[in-house]
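Let me begin by presenting the structure, written as structure tokens, before commenting on it.
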Amino acid sequence: MREEKAKLVASLRAEVEKRIPSAFTTCRREFRGSLPTGISAIDSLVQGVPMGGLTEICGAGKTSVLVSLLAHASHEHFCALVDARDAFDPVTAETAGTDLSRLLWVRCGKTKQKLRPLEQAFKVADMLLQSSGFGLIVVDLSDIAEKIVRAVPISTWFRFSRVVEKQNTALVFIEQQAHATSCAGQVLKLTAGPATFSGRLLTSFTLSADLIRNGEKKSVQSATPGFSIKAQWA
């Protein structure tokens, strides 16, 4: 019975390939390079954030990674930050090396629109992607309640993934938890470890990074051991 099924499958496959030669060709996304985060321990793990892909960065220490990413990317690319809860500190970012003259900062919730901050953030991200003028677009959802982000339909993440893959742009979502699942090309989860204080002032803290998803693979199970990072934001 198994042999008969195998022959039938082979026959059907041969017939399909005869009519449509590329039917069973594996489609791979074109690699367009990546943008380094500027944190060597993370870049050695993920080689930066990919251009033409959707990346999620979540967990403790995510904002420090955001600041470092903007500091490095803004010297070569025009960048945009969609700030869903108006939490961005430009002084800290500039101190870290961000070229603010090359950064578009969109502060959601500052207009009289009836849209909620999350809806505003997504609409703005859509418009920025369509403009094709930015090398890096970051959407910071880290201060949006988890239950609200969790309710975002998978079709929304899928649309972002499909749009950005046609652009020379790195699209990064900063979140408490990852939500785009299979729609994300890369998912990086950060975990906090011991912190260092000078008196009562936090000077540095230890992080570990896990690569949850990379490219077409799920649960890559890669990790980099604890590394120390200078305190920017928690």
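Throughout, read-outs are computed from the coordinates displayed, never taken from laboratory work. Model, not experiment: these values are computed from the prediction. Note: ideal-geometry Cβ built from the backbone for every residue, glycine included; neighbour counts use all protein chains shown.
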Within the range 127-167, list the residues whose amide N lies under 19 Å from a label point set 7 Å along Cα→Cβ of Arg107.
138-144
As an exercise, use a Förster radius of 25 Å and the Cβ-Cβ distance of Ser44 and Glu146 to find the FRET efficiency, rounded to the nearest 0.05.
0.25
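Report the trypsin sites (Lys or Arg not before Pro) located in the range 83-185 that are in a DSSP loop and have at most 10 other Cβ atoms inside 10 Å of their Cβ, or state none.
Those satisfying the criteria are Lys112, Lys114.
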Packing-based exposure ordering (other Cβ within 10 Å, fewest first) of Met127, Met51
Met127, Met51
Quick calc: nm separation of the 7 Å Cα→Cβ label points for Thr156 and His75 -> 3.6
Within the range 29-111, which GluC sites (Glu not before Pro) sit in a loop by DSSP and count at most 14 neighbouring Cβ atoms inside 10 Å?
Glu30, Glu76
Once the Cα gyration tensor of the range 74-185 is found, what semi-axes does its equivalent ellipsoid get, as square roots of 5 times the eigenvalues, in whole Å, sorted largest first?
21, 18, 13
Taking 0.36 nm per intervening residue step and subtracting the Cα-Cα distance, what contour gain separates Thr191 from Ala87 on full extension?
35.3 nm
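Within 10 Å of each residue's Cβ, count the other Cβ atoms and sort Glu165, Glu119, Glu146 from fewest upward.
Ranked by crowding around the Cβ, least crowded first: Glu146, Glu119, Glu165.
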